[in-house]
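S.K.: What follows is a single structure, and I will ask about it in a moment.
Every number here is computed from the coordinates shown, using simple stated rules; none is lab data. Computed from a predicted structure; not experimentally measured. Virtual Cβ from ideal backbone geometry, glycine too; neighbours counted across all protein chains shown.
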Amino acid sequence: MSLSSIDNDSKELAKFGYKQDLKRSMRKFSSFAVSFSLISILTGIFANFHFGFSEVGNFIPFSWTIVFVGQFIVALIMAELSVNFPISGYGYQWTYRLVGPKLGFTTGWLLLLQFLTGFPGICKALSMLVSDLIFQNFNINISSLLISVIVILIVTFIHLKGINLVSTINNLGVITEILGIFILITFLVYFLFKKSDLDILYNLNNLTLSDFTLKSFALSILLGAWCLTGFEAAADMSEETKNPKFTVPKSIKYSLVSSGFLGLIIILLSTVFLSTNNYQNLNNNYLTDMLQFEFGAPIYLTTLFFIIIAIFACAVACMATASRLIFSMSRDSILPKSKWLSFVDKNKSPSNSLIFIGVISTLFIIIFEKIELITSVSAISGYIGYCGIIYSSFFLTGNNFINKIPKVLKAIGLVWCVFVVLCLLLPGQAVDGFNFEYIHAISLFVFLIIGFFVYLSKFK
């Protein structure tokens with residue numbers, strides 16, 4: 001990419017009233033990598049597969065496919081918006097410019113809540129795996145809380161060094177995750193052809209749907225709903241991407257399609273294997289049981305290593321997205337301490353936003369011992385934010401806009417996101433220590449109340 005092209009990107013940004021404060025160095029693969037890393041299907045499937053499988057059994061591949069179709073529509077809409085508004089802050093900027101500052105703030109707050117609760121959840125999940133790995137192999141019991149804090153510090157330090165290091169880690173994370181996926185698929189295929197009958201997937205008599213209900217179907221949908229998010233990360237990094245009007249829309253679509261396809265293969269093979277081997281009665285995580293008890297320690301530990309790398313890259317991508325959203329909202333002075341939060345250091349990084357995320361995430365992990373509480377809030381707030389984004393896309397009218405999506409498709413996308421929100425609000429398994437199954441909804445309500453008071457302080 002020539003210097004003149006970068007200058008053209010800066011001139012394009014100036015049309016929206018902003019100067020080039022961040023370093024524009026991300027190329028096509030780096031843009032794709034930040035979205036693919038944030039989706040991180042290897043992480044999501046291993047963490048959540050057992051929830052869906054326990055509800056509808058062999059129907060779970062079909063649930064995944066339904067979610068993929070719904071999310072692909074959402075991705076098309078976001079690709080449309082990203083090519084017309086290549087600005088950091090994505091959903092906040094899109095809704096602000098198409099509808100107004102009030103919806104812009106509301107959507108931005110919801111998306112910010114998604115990342116501020118999602119990032120510590122990712123770090124906590126990583127720390128638990130690392131703690132288990134160290135304990136199993138070296139018989140050393142290290143607190144997952146301590147590891148979580150260390151992870152947050154490392155990720156924050158990486159970001160403070162600049163976007164080039166962030167991009168490098170995300171790029172390596174993508175390569176590692178894809179390698180781990182193909183290793184897992186290879187072993188699954190080998191053992192399936194050796195021990196199992198692939199026709200089980202297509203034999204309706206084998207489907208475990210005896211207790212199939214609308215609620216069970218809705219809960220099975222959540223596997224894909226948790227996993228197939230994050231494709232929008234490339235849009236939030238638009239001001240650091242070369243030729244974003246061309247690169248970012250493709251990154252959004254390609255990251256989702258590749259993640260959805262690879263995830264479907266893993267789920268199909270895992271479903272067949274678990275249906276022919278009674279691992280679901282061993283522990284809570286069926287895939288972990290399958291690897292540990294069937295494939296042996298070497299394969300299990302190798303896969304665990306790849307998962308750890310994938311989660312780390314996911315954490316890096318999540319902080320990147322969260323910090324750019326805070327930066328974008330702060331430079332428009334709609335957050336408390338906006339001048340401080342919008343500061344960009346000598347490395348062209350929004351350093352104060354990064355430090356803020358690190359501090360808040362550490363506090364969340366310390367206060368909320370059961371991280372399930374805040375991860376649930378992350379998913380719900382994210383999809384409500386999606387609703388705001390899709391609603392704003394209806395106001396993208398006129399001949400000056402490009403890559404326009406039919407309104408009927410946008411309506412389907414909006415209905416889909418509302419449906420997922422309702423599914424996420426369904427009472428599932430109670431969190432240990434809490435008898436009230438709607439605790440995640442109550443937690444979301446508390447965060448929204450905080451946002452309301454911030455809103456009142458900024459909009460008279």
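S.K.: What ranking of 92, 254, 383 emerges when the number of other C-beta atoms within 10 Å of each C-beta is taken as an exposure proxy, fewest first?
M.R.: Numbers: 92 31, 254 18, 383 23.
Exposure proxy ranking, most exposed first: 254, 383, 92.
S.K.: Please list 3J(HN,Hα) in residue order for the stretch 101-116, calculated via the Karplus relation 6.51 cos²θ - 1.76 cosθ + 1.60 where θ = phi - 60°; whole Hz, with x for glycine and proline.
M.R.: Running phi through 6.51 cos²θ - 1.76 cosθ + 1.60 with θ = phi - 60° gives x, 5, 5, x, 5, 4, 5, x, 5, 5, 5, 5, 4, 4, 7, 5 Hz.
S.K.: Between the stretch 70-90 and the stretch 307-332, what's the alpha-carbon centroid distance in Å?
M.R.: Distance between centres, Cα-based: 17 Å.
S.K.: Then there is this: Please give the Cα centre distance for the stretch 333-364 versus the stretch 402-423, rounded to the nearest Å.
M.R.: Centre-to-centre (Cα) distance: 32 Å.
S.K.: Moving to a separate point now. Starting with the fewest neighbours, write out 64, 94 ranked by other beta-carbon atoms found within 10 Å of each beta-carbon.
M.R.: On the way: 64 27, 94 30.
Exposure proxy ranking, most exposed first: 64, 94.
S.K.: Among the listed pairs 250/410; 245/337; 19/339, which have their C-alpha atoms separated by more than 24 angstrom in this model? Write down the numbers at each step before the final one.
M.R.: Numbers: 250/410 19 Å; 245/337 31 Å; 19/339 16 Å.
Over 24 Å Cα-Cα: 245/337.
S.K.: For a quick check: sort 357, 299 by the number of other beta carbons within 10 angstrom, fewest at the front. Walk me through the numbers before you get to the answer.
M.R.: Working: 357 26, 299 16.
Listing 357, 299 from fewest to most nearby Cβ atoms yields 299, 357.
S.K.: Quick one: if the Förster radius is 45 Å, what FRET efficiency do residue 394 and residue 345 give, using the C-beta to C-beta distance and rounding to 0.05? Don't jump to the answer; show the numbers that get you there.
M.R.: Details: r = 39 Å, r/R0 = 0.86.
Efficiency, rounded to the nearest 0.05: 0.70.
S.K.: Can you pull the one-decimal nm distance between simple spin-label points at residue 150 and residue 449, each 7 Å off the Cα toward Cβ?
M.R.: 3.8
S.K.: Using the Karplus equation 6.51 cos²θ - 1.76 cosθ + 1.60 (θ = phi - 60°), what ³J(HN,Hα) coupling, rounded to whole Hz, does each residue of the stretch 157-169 give in order, writing x for Gly and Pro?
M.R.: Result, rounded to whole Hz: 4, 4, 5, 5, 7, x, 5, 5, 5, 4, 5, 4, 5.
S.K.: Could you work out how far apart the two model spin labels at residue 415 and residue 178 are, taking each label as a point 7 Å from the Cα in the direction of the beta carbon, and quote it in nm?
M.R.: Going from the residue 415 label point to the residue 178 one covers 3.6 nm.
S.K.: Is the shape of the stretch 53-136 rounded, prolate or oblate, going by the alpha carbon gyration tensor and its root eigenvalues a ≥ b ≥ c, with a/c under 1.5 for rounded and a/b larger than b/c for prolate? Each step should come with its number before you reach the end.
M.R.: Working: a/c = 2.86, a/b = 1.47, b/c = 1.95.
Here the stretch 53-136 falls in the oblate category.
S.K.: Please work out the FRET efficiency for the pair residue 15 and residue 142, using the Cβ-Cβ distance as r and a Förster radius of 56 Å; give the result to the nearest 0.05.
M.R.: Details: r = 51 Å, r/R0 = 0.92.
Efficiency, from the Cβ-Cβ distance: 0.65.
S.K.: Mind putting a number on the dipole of the stretch 71-200 about its Cα centre? Charges go on the C-beta only, +1 for Lys and Arg and -1 for Asp and Glu, and I need it in Debye to the nearest 20.
M.R.: Approximately 320 debye in magnitude.
S.K.: Going by amide H atoms built from the backbone, whose H comes under 5 Å of the H on residue 26, apart from near neighbours?
M.R.: 241, 242
S.K.: Assuming R0 = 56 Å, what is the FRET efficiency of residue 62 and residue 367, from their Cβ-Cβ distance, to the nearest 0.05? Intermediate values should be presented prior to the final figure.
M.R.: Values: r = 39 Å, r/R0 = 0.70.
It comes out at approximately 0.90.
S.K.: Same structure again: Rounded, prolate or oblate: which fits the stretch 35-75, taking a ≥ b ≥ c as square roots of the Cα gyration tensor eigenvalues, rounded meaning a/c under 1.5, else prolate when a/b beats b/c?
M.R.: Numbers: a/c = 3.39, a/b = 1.27, b/c = 2.68.
Here the stretch 35-75 falls in the oblate category.
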